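Everything below concerns the one structure shown next.
The values are calculated or read from the model by the stated rules, or taken from the named source; none is laboratory data. Because the structure is a prediction, the values reported are computed rather than measured. Reconstructed Cβ throughout: ideal geometry from the backbone, glycine too, with neighbour counts over all protein chains shown. These accessible areas exclude ligands, DNA and RNA; they are computed on the full protein's heavy atoms, side chains included. Shrake-Rupley method; radii C 1.70, N 1.55, O 1.52, S 1.80 Å.
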Amino acid sequence: MLKKFFSAIGEYIILMGKSVQKPQKMRVFWKLFMREINDLGVNSFGLVIFTSIFVGAVVAIQMYNNFHSSSFPIPPAFVGYATKAVLVLEFSPTIISLILAGKVGSYIASSIGTMRVSEQIDALDIMGVNSPNFLILPKILACVIFNPLLIAISIVFGIGGGYLAGVLTGNWTKADYITGIQMFMPNLFIFYAFLKTIVFAFIIATVPSYFGYNVKGGSLEVGRASTQAVVWTMVFIILSELVLTQLVLS
């Protein structure tokens, strides 16, 4: 089992080495890159916004309930600050990335896996095309460039969801919430959030690509590879978060 794991790690590194090379034709690469921006990024807007609004509202309500039930009086303005801190540090970079791992990861693994079982990748190799570079590099760049924008949008809409929760419940005033949002937050927290996002984006693009590229069999194996890709992507996201938290925040 351990031997198989390290063998897979070696195959993954070799595949990434072939992928991260200068494209053979920039015009073709640019066209593929813009398509991946649409498929992997733009099509995720709705899911990210919907999730962020409601989770932001839930976080704000939970923070209010915890502060309200505390034996020490805590100003209502800290509801806004705590909501912002939770969204920046944990929810938006990590939870949204895990959601994208399921949506985007399964798409990447199934699309590349289908090309493998239908022998389209073999045809590219026969024509002298660097198939890992042709198929995987546009996905890597699309995720690494566009995912930080999705996370920034998630933070903004999550904070907006907390604001709406205050308006609808009346538990805290608009002025208190806005005051809390404007409280100082260390720049390190923002750096940490977007550093995590870039690392997670690379994992989301590359791990499913590895599973899809190495599919053997038919359509049933493509489905299994998609499932494995999503599971292992989430595992590596969680492990990398632990490492980054220790390195950056400790």
How large is the charge dipole for the chain, taken about the Cα centre, if only the Cβ atoms of Lys, Arg (+1) and Asp, Glu (-1) carry charge, to the nearest 20 debye? 420
How high is the relative contact order of the chain, in percent, counting Cα pairs under 8 Å that sit 6 or more residues apart? 33
Rounded to whole Å, give me the distance from the Cα center of the stretch 123-199 to that of the stretch 1-72. 9
With a 1.4 angstrom probe the carbon and sulfur portion of accessible area for the chain, in percent, totals 71
Relative to the chain, whose Cα atoms define the longest principal axis, helix 2-19 and its Cα axis are tilted in degrees, nearest 10, by 80
Apply 1/(1 + (r/R0)^6) to the Cβ-Cβ distance of K18 and V58, taking R0 = 35 Å, and write down the FRET efficiency to the nearest 0.05. 0.20
For the Cα atoms of the chain, what angle does the longest principal axis make with the long axis of helix 77-86, in degrees from 0 to 90, nearest 10? 10
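Here is the link list: K103/K174; K174/K196; K25/K196; K3/K216; K4/K25; K103/K196. Which ones come out longer than 28 Å on Cα distance?
Working: K103/K174 35 Å; K174/K196 31 Å; K25/K196 31 Å; K3/K216 20 Å; K4/K25 36 Å; K103/K196 19 Å.
K103/K174; K174/K196; K25/K196; K4/K25, as the Cα separations exceed 28 Å there.
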In nm, to one decimal, how far is the modelled label at F189 from the one at D125, with both set 7 Å along Cα→Cβ? 5.0
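Output needed for the stretch 25-249: three equivalent-ellipsoid semi-axes, defined as square roots of 5 times the C-alpha gyration tensor eigenvalues, in descending order, whole Å. Walk me through the intermediate numbers first.
Numbers: eigenvalues 330, 50, 45 Å².
So the three semi-axes of the stretch 25-249 are 41, 16, 15 Å.
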With 0.36 nm assigned to each residue of separation and the Cα-Cα distance removed, L239 to S7 gains 81.6 nm
FRET efficiency, 1/(1 + (r/R0)^6) with R0 51 Å, evaluated for S71 and N43 via beta carbons: 0.60
Helix 45-68 sits at what angle to the longest principal axis of the chain, using alpha carbons and giving 0 to 90 degrees rounded to 10? 30
Quick one: go through the stretch 109-129 and flag any residue whose amide nitrogen is under 17 Å from the point 7 Å out along the Cα-to-Cβ line of S219. 110-120
Those lysines that a straight Cα-Cα span of less than 18 Å connects to K31, excepting residues fewer than 8 apart in one chain: K22, K139
With label points built 7 Å along Cα→Cβ from the Cα atoms of W30 and Q228, find their separation and express it in nm. 3.8
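So what is the relative contact order for the stretch 184-250, in percent, with contacts set as C-alpha pairs under 8 Å and at least six apart? Don't skip to the end; give the middle numbers.
On the way: 30 pairs, mean separation 26.8, N = 67.
Answer for the stretch 184-250 is 40 percent.
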